[in-house]
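A quick write-up on the structure given underneath.
The values are calculated or read from the model by the stated rules, or taken from the named source; none is laboratory data. This is a predicted model, so every value here is computed, not measured. Cβ placement follows ideal geometry from the backbone for every residue including glycine, while neighbour counts extend to all protein chains displayed. Side chains are part of the model used for accessible areas, which takes the heavy atoms of the whole protein and leaves out ligands, DNA and RNA. Shrake-Rupley method; radii C 1.70, N 1.55, O 1.52, S 1.80 Å.
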Amino acid sequence: MASLGVNIDHVATIRQARYRHGAVGVVEGTEEPDPVLAAHEAVLGGADVLTIHLREDRRHVNDRDLELLCRVARVRVNLEMAAADEMVAIALRHRVSSMNGGRPQMVTLVPEGRQEVTTEGGLDVAGQQHRMKSVVERLKGAGIVVSAFIDADLAQVDAAGDAGFDCCELHTGPYATAFASAGGDFRVGAGGAALAAALERVHDAGERIMARGMRFNAGHALNYANVRPIAELVGIEELHIGHAIVCRAVFTGMRQAVAEMKSLVAGAV
Ligand code: PXP
């Protein structure tokens, strides 16, 4: 059964929507909702991993969130970040001060665009081998598990293997788009064929990841409707899901929303 990583950035997005420009009647430190409290609820719902993305412009998650999460989390913390020197230094510092049960902390390297609402495409590992190798080496040297968020593309998988990554997280956005366009039906017409092809690309890239000795993870735009075929892929180790869980949490609460996703992932064995 794949583990479930819950991305709590979207809780920070709600907080920042209100407080970004300083709201009247707010005392610093009392801003809400607190992504660290959301993380606590996510763990009670069954999250195996907690993911946050510290962006260079800090527009959602901030340094305080990361610091606190690393101190209090009793499951693994996965830090998404750009392959920038400032971020590497932060990851190394938190690794040292982490009270995260002594468990390995993971870093997932992602591309970062200033205007994007969420991560849009996979990291181009093939196009920046030298830089990737150096960043991976520094992080692995500190005992951090390092993952590359890449498109389901065999050349990118091979480049990630050559750069020394421990894991690849395949970008499931194109699969999710195909799923929505086909209404989730693999059997009917051009939409079904496109959906089957999108799933096949994730499958093939996943096989190559494992053949190269890396761990096979996936994420992005997965939801309660489309998660099952991805969770059923043989050898997949971890799914990283944020938006759909936080959306459902608005109605059910975080604990319940995570538990429902967890049971879908568990049912896919
Ligand atoms: N994986 C990575 C690398 C991401 O950047 C994101 C988006 O924050 C996710 C997974 C989760 O995507 P979503 O919020 O669409 O579930």
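Worth a mention:
- Exclusive hit being open to solvent by less than 30 Å² (accessible area, probe 1.4 Å), at pLDDT 85 or above, more than 30 Å from Ser134 (Cα to Cα) and out of contact with any Phe, Trp or Tyr (no Cβ under 7 Å at 6 or more places or on another chain), set Ala39, Ala2, Ala83: Ala39
- Residue that is open to solvent by less than 40 Å² (accessible area, probe 1.4 Å) and without any contact (Cβ under 8 Å) to a residue 24 or more places away in the chain, where the choices are Leu233, Leu195, Leu239: Leu195
- Scanning region 1-11 for residues that are among the small types (Gly, Ala, Ser) and away from the ligand (no atom under 11 Å from the Cβ) yields Ala2, Ser3.
- Among the residues of region 193-228, the ones that are in a helix (DSSP H, G or I) and more than 16 Å from the ligand (Cβ to nearest atom) come to 14 in all.
- Count of residues meeting criterion [open to solvent by 10 Å² or more (accessible area, probe 1.4 Å), part of a helix (DSSP H, G or I) and under 18 Å from Ala91 (Cα atoms)] in region 42-79: 6
- Condition met for Met99 (modelled with pLDDT under 90, open to solvent by 20 Å² or more (accessible area, probe 1.4 Å) and of a type in the set (A, V, I, L, M, F, W, C)): yes
- Sole residue being part of a helix (DSSP H, G or I) and more than 16 Å from the ligand (Cβ to nearest atom), chosen from Asp185, Asp158: Asp158
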